[in-house]
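Beneath this line is the structure, given in structure tokens, with notes to follow.
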């Protein structure tokens with residue numbers, strides 16, 4: 001489990017994709033030295049397991065579905081976060097690393113913030129609530145604008161300069177794909193309400 005507070009971002013050092021053996025290697029900084037084999041790490045919002053480490057090099061397995069559907073390995077830079085400890089402060093919101101969907105992006109620069117406008121189909125409409133949390137590429141962010149149109153949703157999130165420069169957000173371009181994870185607390189509450197109302 002994660003909280004959406006990114007520790008660092010890094011490039012892929014080596015990528016291998018075969019039918020029986022899929023892995024990639026990242027070169028990470030000393031903030032990750034105290035993680036061990038089998039630990040969960042959020043890579044661009046996707047929960048992955050560390051299978052090997054040596055000095056600054058960390059290796060992760062991934063599956064076919066992760067490669068095709070939710071993780072964009074063609075991108076150069078990825079956000080990283082270690083899993084939270086039970087008694088640590090939760091500064092963002094609770095994340096599982098189970099990415100729901102890919103989303104399109106339009107980026108606008110303002111004086112002191114970067115605003116991301118994101119387009120989403122209506123399938124998840126009931127889970128989007130003004131001022132609720134959402135994870136974009138592993139970052140815990142807040143929905144600041146929300147517009148429901150006929151066939152899709154437009155929502156925006158504000159990113160401060162500090163977050164912008166210390167995550168891979170600064171490398172994003174208009175109409176890039178993003179990893180999106182909804183707030184699972186809201187997701188489960190609304191799902192249960194919907195279930196009992198239509199049971």
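Could I have the simple spin-label model distance between residue 56 and residue 33, label points 7 Å from Cα toward Cβ, reported in nm to one decimal?
Here the answer is 1.3 nm between the modelled labels.
Applying 1/(1 + (r/R0)^6) with R0 = 22 Å to the Cβ-Cβ distance of residue 124 and residue 63, what FRET efficiency is obtained, to the nearest 0.05?
Calculated transfer efficiency: 0.45.
Quick one: grab the alpha carbon gyration tensor of segment 101-197, order the square roots of its eigenvalues as a ≥ b ≥ c, and give me rounded if a/c is under 1.5, else prolate or oblate depending on whether a/b is larger than b/c.
Note, shape of segment 101-197 comes out prolate.
Here, each number is a calculation from the coordinates, and none is a lab measurement. What you are looking at is a predicted structure, and each value in this text was computed from that prediction instead of being measured. Note that we place each Cβ from the backbone using ideal geometry, even for glycine, and neighbour counts take in every protein chain shown.
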